[in-house]
Amino acid sequence: MLGPFLETLIGGLLTGVLYSLVALGFVLIFKASGVFNFAQGAMVLFAALTIARLSGEIDGKEVHLANFVVAAAILGVAVAFIGWYAWREYIARGAGPGERRKMQVLAAVGALVGGIAAYSYGKGAWPLWLAIAATAAIMGLLAYAIERLVLRHLVNQEGIILFMATLGIANFLDGFGQTLWGSDIYKINLGLPKDPLFLFEGVFPGGLLVDPGELVAAAIAAGLVVVLAIFFQKTRVGRALRAVADDHAAAQSVGIPLNTIWLIVWTVSGLVALAAGLIWGAKLGVQFSISLIALKALPVLILGGFTSVPGAIVGGLIIGAGEKLSEVFLAPILVKQFDLAGGGIENWFAYMLALVFLLFRPQGLFGERIIERV
Amino acid sequence: MTLRKAVLLGASIAAAGLALASTAQAQNEQFIPGLIYRTGAYAPNGIPFANGVADYYALVNERDGGINGVKIVYEECDTGYATDRGVECYERLKNKGPTGAAYVNPLSTGITFALTEKAPIDKIPVISMGYGRSESRDGSVFQWNFPLLGTYWSAADIIMQHIALKEGGFDKLKGKKIVLVYHDSPYGKEPIALLEQRAKMHGFTFTPMPVTHPGVEQKATWLQIRQNRPDYVLLWGWGVMNSTSIKEAAAVGFPRDKMFGVWWSGAEPDVRPAEGGAKGYHAAMLQHGAGQFGVHADLKKYLYDKGKGSAKWDEVGEVLYNRGLVNAMLGVEAIRKAQTKFGKKPLTGEQVRWGIENLELSAARLKELGFDGMLQPLKVTCSDHEGTRAGRIQQWDGAKWVVVSDWYQSDDTVLKPMVNAAAKKYADEKKLTVRDCSKES
C-alpha cells in the first residue's frame, strides 16, 4: 500500500510543479497590473507552436517561408534593439576600454546569431536554441502589441474591464496561432529522457515509478522561480513593478512609467509562457490542449494566492498531489458508495480542494490580506 | 458622405448583390452541410477527416458534374467538437440551399445525441458513420438516425471477439481483468453497456476508467493500471487523448500489444506523437484502413494534379482521410438512390432519408466507385440502419498500420436484444410512435 501511495504522491508533485509553471505567468501579471490574464494559456500555446514549427520537428509538413523570414526579422530587430540600448548606456557612461570590449563581444554575438539563422534556414529548419531565441523575441513583440493596442487604452479602468480585454486576447491568440502555424500535433525535441525510472526496487515490489522527464522539467521550473524571485525583490524594475501593482495612479505620480512597466511584465510573463510551452510541449506534443492547461492553474492560484510567487509553487504542489491521490484512492471508494460509472474526479477535485482552503484563508495561502477601511 | 459611410454602403450593396447572385445559381444545387473541426483540441483528427469529405464532394462535382447533374454545394462549419457549437452550426446551415440540408454528419456523438431530438422535427437525416447512439440502428424507433457501418457496441464486440480468439475462446476469458479507458463523454460511455454484458456472460472483471476532456492528464489512470495489472486495456479516446494514453502506457510499462483502441483511436495522429512507444498497439478498423485504392487515382487525376485538393498528397490515404471519403461517398450514393424515386433534382432531407434507408452497395458497385478493398457490401433497411457490422483489427508496426486479423461480424445474438431493449426504452420515454418495419418496402 505504501509503494503505490508514494508513487502517486511523487507523480502528483511533479505534475504539480508543471502546473505552477503556468500559474507563475498569471501571478506575474496580476502582481504588476492587478489583471487576471486569461490569455496566459493562449500565450503558452502560441509560444510552443512557434518553437515547434521553427525548430522544424514537423513530420515532413513544411511551414510557409514567410513565417521564417518574419521570425528572423523579429529576432534581428530584437538583437539590434538590445544592441542599441547597450550602446546608448555605453555612450552615457563614457567609453572605457572594458566597455568597448563588451560592445565588440555584443556585436560579434549579434553577427553570429544572424549568420547562423541565415545558414540554418538554407537547411530547412532551425536548431532548437535559435527557435527559442526567435520565439522569445516574438513574445516580446507580442507584449508590446498588447500594451500598445489594448492595455494603453484601458489605464485606470476597473480590473474586470482589463480581464475582459484579456479574454479577447486569448480568443485572438488561439485562432491566430493556429492560422499561422497549423493545428496538428507538433513535436518539440528537448531530448528529455523517456524511459521510466524505478526507484527502491528492493523496498517496494516493482519499485517506485518516476518519470525522469518530469524531474528535469521540475528542475527547470525551480530555477525559473529563483530567478523571478530575485528579479522582483532585488532589482529596480522589480520594485517599480510592485509599486504599479499597488496603485496605478500613485505609481504614475511618482514618475514610474506605467506603459514601460506593463511592457516589461507582459514580456516576462510571455517568457514564462515560453518556458511552460517548451516543457508541456515536449511532454504532450504541441497542440491546442496545451492552452487548456491554463484552467489547471486556476485552482492553483486560488489556493496559493494571486499575488505570491511561492504561493504558485506550493499551490501547484498541493493541487498536483491532491488530485492524483484523490483519483487513485478516493475515486474507487466513491464509485463503490454512490455507484458512479468510474472515477474521473480529479478535475473537479482540484477546485473543491481550493474552495476548502478558501473557507479558512480567503486570500489564499500566501496572498496578501486586503484590509480596506471605509 | 464620409469615407466610412461610403465604404459601408459599398459593402452592403456588394453583399446584397452576392446574395441575389447566389439564389439565382442555386436552382440545381444540392446543399450538404459539414459539421467538422479544423481548430481546437481535436483538430489533429478532425482535419484529415474534413479533407476527405471535402475532396470527395469536389471529386463528384469535377469528375461527374455533380450527382446526375445536380451540383453539390458543401459548406463547412467548425464545431470544435463542442456540442453547443455543433447545434449552432446545424441551426445555421439546416435551411441553406434550395431544398435545405440533404443530411447532416455531426462527427461527434455528443452532437448526435443533441440532433437526434431535432432531426424528426426538421426532417433532416443524421448520418453518424461509426459513432452515435448504438441503439439508433433500430430504424423503427430512430427513423432519422443512420449509424452506418458500425456502432460502438459492434466495435466493442469485434474487439472482444478478437481478444477471445487470441486467448483460445470466450470461456478462457474467465477471471481475466479488462479495463476500458474512455473519454468521459457520451462517446466514451457508449461501449460500457456491451462490455458489462460480455463480462457477465464470460466471467471477466470489467473496469471502466474515465478520462476528462481533453485527455492530456492521465497519470492517475495509468498509475492505477500499473497497480491493478489488467490483462487488456481497451481505449475509447479521441484527439490528443489517444496519443497521451499510448505515451502513458509506455511510461508505466503496460504492453502496447495488449491495448485495443476503437476505430476512432486507430489513426496516424494517434500513434505518431508517441513515436516508438506506439509500436505493437492495436485498433479496430471501421472496415477500411489506410492506403490508396481506385478512388484515390481519380482524386489525383481530377483534383490533386490540378492543385484543387484540400490535403497534401502524402496525407491522402491516411486512415481518417479515407474515412472522410467513405462518409461522403455513402451520403452521395444515398442521394443518388433517392433520385431514382424522386427525380434528378435537388432533394429535401425527407427524400434523402428514404435514399439512405434503401441504400444498397454491392461489391460490383463498390468496385465501380473505387472503394473496392476499403468496404464490404452493405444494405440498409428500415429495421437495420447500420447496414453492416463487419470489422477487422490493425496493428501499428512503428511506421504504418498493418491489418492483423480476418473480418469479424459483431454477434447479433448479443447485440440485437440490447438494441431492441434500449430503443424501446427511448421510444417509451419520448412517447414515439414505433414504425412497423415489416410493412415498409
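FYI, it's all coordinate maths here, none of it is from the lab. The model shown is predicted, which means the values in this text are computed figures rather than measured ones. Neighbour counts are summed over all protein chains in view; Cβ atoms, including those assigned to glycine, are modelled from backbone coordinates with ideal geometry.
Segment A:222-294: Rg/Rh from Cα coordinates, Kirkwood Rh? Result for segment A:222-294 is an Rg/Rh of 1.10. Based on alpha-carbon atoms, the Kirkwood radius and the radius of gyration of segment B:174-217 give Rg/Rh equal to 1.04. For the residues of B:210-218, the average number of beta carbons from a partner chain within 10 Å of their own beta carbon is 6.
Under 18 Å from a label point set 7 Å out along the Cα-to-Cβ vector of residue A:250, the amide N atoms of segment A:142-159 belong to A:156-159.
Dividing the convex hull volume of the alpha carbon atoms of segment A:197-261 by its residue count gives 118 Å³ per residue.
Here the 3J(HN,Hα) profile of segment A:71-78, calculated from phi with Karplus coefficients 6.51, -1.76 and 1.60 at θ = phi - 60°, is 4, 5, 5, 5, 4, x, 4, 4 Hz, Gly and Pro shown as x.
Across peptide A:165-173, the mean count of Cβ atoms from other chains lying within 10 Å of each residue's own Cβ comes to 0.
Each Lys or Arg adds one and each Asp or Glu subtracts one; over the other residues with Cβ under 13 Å from the Cβ of residue B:410, this totals 0. FRET efficiency for the pair residue A:5 and residue B:429, taken as 1/(1 + (r/R0)^6) with r the Cβ-Cβ distance and R0 = 25 Å, rounds to 0.05.
Rounded to the nearest 0.05, the FRET efficiency derived from the C-beta distance between residue A:155 and residue A:222 at R0 = 35 Å is 0.50. Where only DSSP H runs of four or more residues are counted, chain B gives -14000 deg cm²/dmol as its mean residue ellipticity at 222 nm, each run worth -39500 (n - 2.57). Using only Cα atoms, find the angle between the long axis of helix B:3-25 and the longest principal axis of chain B, and express it within 0 to 90 degrees, rounded to the nearest 10. Once rounded, one gets 80 degrees. Treating segment B:273-318 as a set of equal point scatterers at the Cα positions, no solvent, please give the Debye-formula log₁₀ I(q)/I(0) at q = 0.15, 0.28, 0.31 Å⁻¹. For the requested q values the scattering log ratios are -0.55, -1.02, -1.14.
Restricting the calculation to alpha carbons of the protein assembly as shown gives Rg and Dmax of 29.0, 101 angstrom. Rounded to the nearest 5, the antiparallel percentage of DSSP beta bridges internal to chain B is 30%.
With Cα atoms defining each centre, segment A:218-234 and segment A:295-352 are spaced 25 Å apart in the structure. Karplus-derived 3J(HN,Hα) values for segment B:292-300, using 6.51 cos²θ - 1.76 cosθ + 1.60 with θ = phi - 60°, are 10, 10, x, 5, 5, 5, 5, 4, 5 Hz; glycine and proline are entered as x.
Stretched out straight at 0.36 nm per residue, the stretch from residue B:91 to residue B:345 would grow longer than its current Cα-Cα span by 89.1 nm.
Hull volume per residue, based on the alpha-carbon atoms of chain A and their convex hull, is 185 Å³. Using the alpha carbons alone, the radius of gyration of segment B:108-177 stands to its Kirkwood radius in an Rg to Rh ratio of 1.18. Here segment B:234-337 is treated as a sphere whose radius is the Kirkwood value from Cα pairs; by Stokes-Einstein at 10 °C and 1.306 mPa s it diffuses with a coefficient of 105 µm²/s.
Roughly how large, in nm² to one decimal, is the mean projection of the convex hull of the alpha-carbon atoms in segment A:160-307? The orientation-averaged projected area of the Cα hull of segment A:160-307 comes to 12.3 nm².
Ordered by the count of other Cβ atoms within 10 Å of each Cβ, fewest first, B:84, A:184 give B:84, A:184.
Annotation: the residues A:338, B:49, sorted from fewest to most other C-beta atoms within 10 Å of their own C-beta, follow the order A:338, B:49. Summing Lys and Arg as +1 and Asp and Glu as -1 over all other residues whose Cβ lies under 12 Å from the Cβ of residue A:265 gives a net charge of +1. Computed over the alpha-carbon pairs of segment B:329-399, the distance histogram in 10 Å steps reads 19, 43, 26, 9, 4 percent, short to long. Temperature 10 °C, viscosity 1.306 mPa s: under these conditions the Stokes-Einstein estimate for segment B:67-167, based on its Kirkwood radius over C-alpha pairs, is 107 µm² per second. Note on the protein assembly as shown: antiparallel DSSP beta bridges, both residues inside, total approximately 35 percent of the bridges counted.
Rounded if a/c is under 1.5, else prolate if a/b is larger than b/c, else oblate: which is segment B:129-223, with a ≥ b ≥ c the root eigenvalues of its Cα gyration tensor? Since a/c reaches 1.5 but b/c is at least a/b, the shape of segment B:129-223 is classed as oblate. Remark: the residue A:148-residue A:172 segment gains 7.1 nm on full extension, using 0.36 nm per residue and subtracting the alpha carbon distance. Normalised by 2.2 N^0.38 Å, where N is the number of residues, the alpha-carbon radius of gyration of segment A:241-374 equals 1.34. Whole-Hz Karplus values for segment A:171-187 come out as 4, 4, 5, 4, x, 4, x, 6, 5, 6, 10, x, 10, 7, 8, 10, 10 Hz, taken residue by residue from phi with 6.51 cos²θ - 1.76 cosθ + 1.60 and θ = phi - 60°; glycine and proline positions read x.
DSSP beta bridges confined to segment B:342-441 are antiparallel in about 90 percent of cases.
The calculated P(r) of segment B:310-441, using every Cα pair and 5 Å bins from 0, goes 2, 8, 13, 17, 17, 16, 13, 8, 5, 2, 0 in percent. Using bins of 5 Å that start at zero, the share of Cα-Cα pairs per bin across segment B:22-74 amounts to 5, 19, 23, 19, 15, 11, 7, 2, in whole %.
A Förster distance of 56 Å, applied to the separation of the beta-carbon atoms of residue B:403 and residue A:334, puts the FRET efficiency at 0.85.
Under a no-solvent Debye model with one identical scatterer per Cα of chain B, what's log10 I(q)/I(0) at q = 0.06, 0.09, 0.10 Å⁻¹? The Cα Debye sum returns log10 ratios of -0.26, -0.57, -0.70. Neighbour counts of C-beta atoms inside 10 Å place B:226, A:152, A:236 in the sequence A:236, A:152, B:226, starting with the fewest.
Inter-part distance, segment B:56-109 to segment A:21-51, computed on C-alpha centroids, equals 38 Å.
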